[in-house]
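Structure first, then comments.
The values are calculated or read from the model by the stated rules, or taken from the named source; none is laboratory data. Just so you know, these numbers come straight off a predicted model, no measurement behind them. Neighbour counts run over all protein chains shown; Cβ positions are idealised from the backbone, glycine included.
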Amino acid sequence: MANIALIACDNGFGHIRRQSLTARALAARGAEVTLFAPKTAAQHFLGADIGESKQIRVVDFNTKTSLIRLKNRADDVHCWVDSLPDLDVFSLVVSDNLPEILLLRPDAILSGHFFWHKILDNAGNSYNRLCDELLLKYSPRMISSGFFSSPYINQDTRLHKVGLYGRRHGSGLGKQNLLVSCGRTGNLKTEMADFVFRLRQMGNGPYEQVFVEPDLLPSDPPGWMKAADFSSRMYESLSAIICRPGIGTLTDGILAGARIFCVYETENSELAMNAATVVRAGIGEDCHRPGRDDQMQEAYRISVVHSTLPAAITRHLEAVNKIGDGGEISTAKLLLDWAHIRDIKHDL
């Protein structure tokens, strides 16, 4: 039986979501899985599987990766690897999306769609050099949702493309709810809180319900404004999402058929790339306006207009349905094949 370690970068739910779904898919196929991730976040995606499945073990673990530490060129950004236990007991080790795991396991597999040292020019020369040297030396295998993969990943790794992580659910027809989300990281909370306050005064417009980040919910919200719980049921009710385009929210929104209206802070090339991908695919808009503080209002305005155009909604849903899903299943199959090959070589 394959014994596989999955390690999630803790900066944002997208990494933890991807590894949690992969853990489920692996366990369903008989593998023993150890997931290194913040336990509370992992529990959101795994739920009862943590307590009931003997095949999924969650180790409460933080890589302490943050934009602030990267931008400030912290010398110990990569030192989370020193807190890991002995990894030799595992058939395979998968790191999302941190190449420094190669310091401990040169045969480690990477997952994700970007590298931190590539998107932040000021991440710190020592960290940049370390990651580039490790990628050049070991040319690791990497699994990535092809829809969002950054071009350089194909040059720096042996890339295997899969679909979006998760399964398509909800047709997108007959839904008229909105999600307003700034994610766990980034610098949009103040700007988005101001927008939520203005929206409360303006009213819900064409939307039956407006879900907002729990931290941004007013103390006395109107009946049509609720705290987002980010459940499948909530996503299935959405026709539109105004969000900071992190991979987790984007993926759940796309799979539910919602149209995406991207807002984000300046000087974050990962989010700019994600927004550009959304626009190219015809499933949303990039509403970022450098130097202006009205991107939320602009996103809302465009979303309202889109909700009144049946032909545009039809084109949107056609574009969404072209995007592949089930990436966690393809990932599990790849990992189990590689683990089997490794075991055969080990026995020779």
### Query
Just one of the numbered conditions (1) out of contact with any Asp or Glu (no Cβ under 8 Å at 6 or more places or on another chain); (2) closer than 24 Å to residue 27 by Cβ is not true of residue 164; which one?
(1)
### Task
Quick one: which residue in 196, 180 is more than 16 Å from residue 250 (Cα to Cα) and touching a helix residue (DSSP H, G or I) at 6+ places or on another chain (Cβ under 8 Å)?
196
### Query
With respect to the numbered conditions (1) touching a residue at least 60 places away in the same chain (Cβ under 8 Å); (2) over 21 Å from residue 23 (Cβ atoms); (3) polar (S, T, N, Q), which one is the sole condition not fulfilled by residue 314?
(1)
### Query
Here are some conditions: (1) assigned to a helix (DSSP H, G or I); (2) of a type in the set (A, V, I, L, M, F, W, C); (3) closer than 19 Å to residue 245 by Cα. Residue 323 meets all but one. Which one does it not meet?
(1)
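Return the residues of the range 81-109 that are of a type in the set (A, V, I, L, M, F, W, C) and more than 19 Å from residue 62 (Cβ to Cβ); say none if nothing qualifies.
Keep residues of the range 81-109 that are of a type in the set (A, V, I, L, M, F, W, C), which gives 81, 84, 87, 89-90, 92-94, 98, 101-104, 108-109.
If the condition is that a residue be of a type in the set (A, V, I, L, M, F, W, C) and more than 19 Å from residue 62 (Cβ to Cβ), then 89, 90, 92, 102, 109 are the ones that fit.
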### Query
Taking the range 1-44 as the search range and keeping residues that are small (Gly, Ala, Ser) and assigned to a loop (DSSP other than H, G, I, E, B), which one is modelled with the lowest pLDDT?
12
### Task
Go through (1) surrounded by 20 or more Cβ atoms within 10 Å (Cβ to Cβ); (2) touching a helix residue (DSSP H, G or I) at 6+ places or on another chain (Cβ under 6 Å) and name the single condition residue 15 misses.
(2)
### Summary
Over the range 279-312, the set of residues touching a strand residue (DSSP E or B) at 6+ places or on another chain (Cβ under 8 Å), hydrophobic (A, V, I, L, M, F, W, C) and under 24 Å from residue 204 (Cβ atoms) is 283, 287, 296, 299, 302
### Query
Within the range 69-92, is even one residue assigned to a helix (DSSP H, G or I) and among the acidic types (Asp, Glu)?
yes
### When residues of the range 205-231 are limited to those that are closer than 15 Å to residue 178 by Cβ and of a type in the set (Gly, Ala, Ser), the one nearest to the chain's Cα centre (by Cα)
228
### Message
So in the range 278-308, with the set limited to residues that are hydrophobic (A, V, I, L, M, F, W, C) and over 19 Å from residue 254 (Cα atoms), which one is modelled with the lowest pLDDT?
### Response
296
### Message
Return the pair list, or none, for Cβ contacts closer than 7 Å from residues in the range 280-295 that are farther than 13 Å from residue 266 by Cβ and in a strand (DSSP E or B) to residues that are modelled with pLDDT under 95 and among the basic types (Lys, Arg), at least 6 apart or on different chains.
### Response
none
### Query
If we keep just the residues of the range 111-163 that are in a strand (DSSP E or B) and free of Cβ contacts under 8 Å to residues at least 24 places away in the same chain, which is farthest from residue 246 (Cα to Cα)?
158
